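Quick notes on the structure that follows.
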Amino acid sequence: MSKLSLTAEENVRRWLSDPSVDEETKQELQQLREQPMELEDRFYKDLEFGTGGLRGVIGAGSNRMNRYTVGRATQGFARYILEQHGQAEGAPSVVIAHDSRHFSPEFALEAALVLAGNGITAKLFPSLRPTPQLSFSVRHLNATGGIVVTASHNPPEYNGYKVYNAEGGQLVPDQAEKVIAYIQEVDSFAAVKRLDRSEAEAKGLLVWLGEAEDEAFEDTVAATSVNRDLIASKLGKDFNIVFTPLHGTGNVPVRNVLKKVGFTNVHIVTEQEQPDAEFSTVKSPNPEEREAFTLAMKLGKEVQADILIGTDPDCDRMGAVVLNDEGEYEVLSGNQSGAIMIHYLLSQLQDKGKLPHNGAVIKTIVTSEMGAAIARHYGAEIFNTLTGFKYIGEKMTEFEQSGKYTYLFGYEESYGYLAGNYARDKDAVLASLLICEAGAYYKAQGKTLYAVLQELYEQFGYFREKLESRTLKGKDGLAQIQAKMTDWRENPPQAVAGARVTEVLDYSKGLNGLPRENVLKYMLEDGSWFCLRPSGTEPKIKVYFAVRGQSLQDAEERIAKLAAEVMARVDA
């Protein structure tokens, strides 16, 4: 007797009866009848769009990443693209890129062939490229949209699919809702229009991109340098860099851009240089985690590196490791790196008389206030968005269209940064350049980036942040996450860690003109705050903490106490 829910059973039957599903897949599903819990997890829902589009474990099933779910999603996106293109001149087009993960090339090609089947020109990179290059290329090629196949820094068994609008930004909720509605109307895989590769190429509906687009992207990123002449003439050769692409797409573009600007002393972690879908040298290909830098630290000590930089598989996140006062390597948080880059960029623009009077810095609601304090010091306006760089990109386009503000820098605590208007997504190629440029500039003054950070603490306050997350997989996990959010929403604490709760910000109500999102932020009377947010791309509930202390030790003690008390309730 089947133990599947009605939804799962219905989805399984739909797959088994669909003539477009291959026999091998159908046999796999029949065999899974002996594993009802696994089958339930694969079919209890359709893979959903979150903060990064589709993302899930690779395998057969409606709740998995496979060529059928990719094809169905692309059919829905194709309808959206045709609607958006309207009566514009020329044929609609979509740029497609992919990372180094399992089935990324196959999923990218599948998306291209479905677009071609709908009369949309697919402009496809033939091998792995960074996500920010996809964003740039959509704009550079005046495309109608974009797709990138990636699961960012998720474990090897995952892959994903992100869609972009004509501005080069990830779809924001009102746009994504239209795509989702169109996807849901694709009631069988037989309804997915698709050409084979030879026909798509013959009709000019599958176009392959190459070196010209690579050069355009790298030249544009290099042009964001604010001290290029200084780096090229002197500082670049004296600054010692170790770089690891963590088996992903950053290897070539990061090295090329550093070289273009004048950094000649760059050492690559050879064990992590080449693409590897298993990410076999790390537990997780995530530059937010110290373990990912183990091999980089070993090489750094051998070559006496000034800085270690690492990029995630799709090269939209950058982590930096710097020397502390004891000469040991210390991993900077995303908030710390962001503060350093804001200070360096804005101070240099000011010194050169190029700082605009209407400059703007954009951050997310869970990002530290330290960067905001620094930006205000230089006269910049601060804008807060929901989590997800798509919202920062949306704000950038708003500035570009209105002319009211000049975008300077955007960032989020999860290691995503962008300076310059050339893209609408975070760019680890740019971040690698900017943090190295800052390091070289301050080294010439006899300072490490760690020392610069301490100076910023002394000037702007001892800010400290922390992130905790709990993974709760499957259907039951999703229910647990929702139950926890409901509990905190309906039973807010009156005080936490000895400080009274002065305000509860429930972003599901659409605060401050922002879209509605299931996020709760608690403001405390001592200036601290914490925030609960279910991840949009992983089966996690994330809890963010931030304090401002009288000293670093005071800040550390405050945040430890705050986190311990909140997480005790989250884990209860």
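The values are calculated or read from the model by the stated rules, or taken from the named source; none is laboratory data. Remember, predicted model here, so these are calculated numbers, not experimental data. Positions of Cβ are generated from backbone atoms using ideal geometry, with glycine treated the same way; all protein chains shown enter the neighbour counts.
Residues that are under 19 Å from the mean Cα position of the chain (by Cα), part of a loop (DSSP other than H, G, I, E, B) and buried (at least 20 other Cβ atoms within 10 Å of the Cβ) within the stretch 510-535 comprise 517, 519, listed in sequence order.
One line per residue, one yes/no per condition, for (1) more than 30 Å from residue 317 (Cα to Cα); (2) in contact (Cβ under 8 Å) with a residue 40 or more places away in the chain; (3) aromatic (Phe, Trp, Tyr):
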site: 11; (1), (2), (3): yes, yes, no
site: 31; (1), (2), (3): yes, no, no
site: 35; (1), (2), (3): yes, no, no
site: 38; (1), (2), (3): yes, no, no
site: 49; (1), (2), (3): no, yes, yes
site: 56; (1), (2), (3): no, yes, no
site: 60; (1), (2), (3): no, yes, no
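The set of residues in the stretch 222-231 being in a helix (DSSP H, G or I) and either over 23 Å from residue 132 (Cβ atoms) or touching a Phe, Trp or Tyr at 6+ places or on another chain (Cβ under 9 Å) (or both) consists of 229, 230, 231. Might you let me know whether the stretch 62-81 holds any residue that is free of Cβ contacts under 8 Å to residues at least 40 places away in the same chain, in a loop (DSSP other than H, G, I, E, B) and at positive phi? For the stretch 62-81, residues free of Cβ contacts under 8 Å to residues at least 40 places away in the same chain, in a loop (DSSP other than H, G, I, E, B) and at positive phi: absent.
For the stretch 247-288, the set of residues classified as touching a Cys at 6+ places or on another chain (Cβ under 9 Å) and in a loop (DSSP other than H, G, I, E, B) consists of 248, 249, 250, 263, listed by residue number. The helices (runs of 4 or more DSSP H) found wholly in the stretch 104-192 include none carrying at least 3 residues that are not assigned by TED's automatic domain parsing to the domain that holds residue 81.
Take the stretch 232-246 and flag every residue that is under 19 Å from residue 441 (Cβ atoms) and part of a loop (DSSP other than H, G, I, E, B). 239, 240, listed by residue number. Where strands (runs of 3 or more DSSP E) sit wholly within the stretch 350-454, those with at least 3 residues that are within 19 Å of residue 164 (Cβ to Cβ) occupy 406-412, 416-418.
Count of the stretch 303-332 residues, restricted to those that are in a loop (DSSP other than H, G, I, E, B) and buried (at least 20 other Cβ atoms within 10 Å of the Cβ), is 9. A single entry from 119, 168 fulfils the requirement of being at positive phi and surrounded by fewer than 21 Cβ atoms within 10 Å (Cβ to Cβ): 119. If we keep just the residues of the stretch 409-436 that are of a type in the set (D, E, K, R) and within 20 Å of residue 335 (Cβ to Cβ), which is surrounded by the most Cβ atoms within 10 Å (Cβ to Cβ)? The qualifying residue surrounded by the most Cβ atoms within 10 Å (Cβ to Cβ) is 427.
Could you tell me which residue of the stretch 437-485 is surrounded by the fewest Cβ atoms within 10 Å (Cβ to Cβ), considering only residues that are under 27 Å from the mean Cα position of the chain (by Cα) and of a type in the set (Val, Ile, Thr)? Among those residues, the one meeting the criterion is 471.
Residue-by-condition table, conditions (1) under 23 Å from the mean Cα position of the chain (by Cα); (2) among the charged types (D, E, K, R); (3) outside the structural domain of residue 278 (by TED's automatic domain parsing):
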residue: 302; (1), (2), (3): no, yes, no
residue: 323; (1), (2), (3): no, no, no
residue: 334; (1), (2), (3): yes, no, no
residue: 354; (1), (2), (3): no, yes, no
residue: 363; (1), (2), (3): yes, yes, no
residue: 395; (1), (2), (3): yes, yes, no
residue: 399; (1), (2), (3): yes, no, no
